[in-house]
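The structure under discussion appears below in the form of structure tokens.
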Amino acid sequence: MSLAVNDMQDPVIARAAAALEAGQLVAFPTETVYGLGADAENPAAVASIYAAKGRPQDHPVIVHVAPGASLDYWTTEIPPQARQLADAFWPGPLTMILKRAPNIPDAVSGGQDTVGIRCPSHPVAIALLQAFKHGKGGVAAPSANKFGHVSPTTAQHVRDEFGDDPRLASVLDGGQSDVGIESTIVDLSRLATHGPVLLRPGHISAEAIAAVIDQVPARPDAAAPRASGTLESHYAPHTPVAMQDTATLANTLARLATAGRKVALIHYSALPAVHAAVQLPATPAGFAHALYAALRTMDSTGADLILVEAPPQEGAWLGVNDRLRRAAHGSSGIVHGLINDTPAF
Ligand code: TXA
Ligand code: MG
């Protein structure tokens, strides 16, 4: 059964909250991507997230809290900048890394002494967080996809990832995620020595953060906390992915056609017809909103290659370019190979 936001009746939310309280998994919509949630204070429940995703044990998960939740319950050594950023951007697509409070289980932090925390703005996520433990709980939730795969931006994407996995009590349907790429992650746990560090770019830009705390977040250093979204290869479909700038694309498309290759194209400029294509808005927000659904759709077309028209290198495109680079990482050299190797038929 599929439920739109407006149809989301309290009993559906209450049942999902009760499932979380009973240690089961619930997938839920957020404004960024769908999350695979478990009670953050139940180590066995958190362990089943890792098992369902096939995710390495030492990768920490983000704790989602209701609006108005106490940062002091979850974190310690809280700098004023954390409260300023929470006031400015929560509920919303910003995750802060802070020192973990002693009562928070190891399981959510992959053994690190920090915790990632965010308050999402999607009304269904907020309703769930308010119903769960009377709004005082935390829901540990990574993106609701198998490890390394494209994040889900619809309830159907989640069902496609997990099928009828018995660990998943329910998938709440809140429509297509608005932002479309994962939250911005800023590390505030080492302010004194490293300043704020941008671990993952997203809809909330480094400039927007700097406007609030008067300091531009730095790029990650070697000692920065681990984040799986910062692995070189991540967010990847099964079909190889390559990016090319607009000027090179038309020529590449012609050569791949000559070599008998089936190309699925994700683009924003007008380009010649190919095996399959989806044209996305030529704005960072519009492109991000539709990107993961486009990657999934193009992945199911039986193409030899997903070719993406590379967006501009400007700052506003940083989050989109970051995800595309990781989606394409495992496929370097693929275009050359497909043009020069003998076609498979
Ligand atoms: O938008 C989002 O952030 C979505 C929705 C569901 O909220 N969640 C999400 O979770 O993208 P996940 O697990 O797929 O990515 C979270 C990233 C991971 O790269 C993880 O390693 C990092 O956050 N992370 C979580 N806690 C951390 C910590 N204590 N230190 C460093 N990185 C952390
Ligand atoms: Mg993820």
Right, Thr230: modelled with pLDDT of 95 or more and among the hydroxyl-bearing types (Ser, Thr, Tyr) or not?
no
Among (1) at pLDDT 95 or above; (2) of a type outside the set (Lys, Arg); (3) open to solvent by 10 Å² or more (accessible area, probe 1.4 Å); (4) within 16 Å of ligand 2 (Cβ to nearest atom), where does His59 come up short?
(1)
Can you find even one residue in the range 78-98 that is in contact (Cβ under 8 Å) with a residue 60 or more places away in the chain, crowded, with 19+ Cβ neighbours inside 10 Å, within 23 Å of Ser205 (Cβ to Cβ) and in contact with a His (Cβ under 7 Å, 6 or more places away or on another chain)?
yes
Select, from Ser48, Ser70, the only residue that is free of Cβ contacts under 8 Å to residues at least 24 places away in the same chain and surrounded by fewer than 22 Cβ atoms within 10 Å (Cβ to Cβ).
Ser70
Within the range 132-187, how many residues are part of a helix (DSSP H, G or I) and either open to solvent by 30 Å² or more (accessible area, probe 1.4 Å) or among the aliphatic types (A, V, I, L, M) (or both)?
7
If you go through the range 188-217, how many residues are buried (at least 21 other Cβ atoms within 10 Å of the Cβ) and among the small types (Gly, Ala, Ser)?
2
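The values are calculated or read from the model by the stated rules, or taken from the named source; none is laboratory data. Here the structure is a predicted model, which means the values were calculated and not measured. When we count neighbours, we look across all protein chains shown, and the Cβ atoms used for this are built from the backbone with ideal geometry, even at glycine. With ligands, DNA and RNA removed, areas are computed over all heavy atoms of the protein, side chains included. Shrake-Rupley method; radii C 1.70, N 1.55, O 1.52, S 1.80 Å.
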